[in-house]
């Protein structure tokens, strides 16, 4: 009977250790997924900002060109 109790205790301990490992891996997975999601959100925000900045730069250049053409046209009329 002592051997059987020892075997049961060993198997229970082994199962507990495996369960602890699984819990640890699940936590690491949750952290990895959350980190990836945060990085994705930051990347999207960065891309949106870059697009907005580029659009603003194009608008400024276009406005400068329009003003230049208007002033050039005014000189020709004078």
Can you show me the helix-derived [θ] at 222 nm for the chain, built from DSSP H runs with n ≥ 4 at -39,500 (n - 2.57) apiece and divided by the number of residues, rounded to the nearest 500. -37000 deg cm²/dmol
Can you give me the three principal axis dimensions of the chain from its C-alpha atoms, in Å, biggest first? 115, 7, 5
Extension gain, residue 56 back to residue 24 (0.36 nm per residue minus Cα-Cα distance, nm): 6.7 nm
Simple spin-label estimate for residue 8/residue 39, 7 Å along Cα→Cβ, in nm, reads 4.8
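Rule-based calculations on the coordinates, nothing more; no lab input. In this text, all values refer to a predicted model and were calculated from it rather than measured experimentally. FYI the Cβ positions are ideal-geometry reconstructions off the backbone, even for glycines, and counts take in every protein chain you see.
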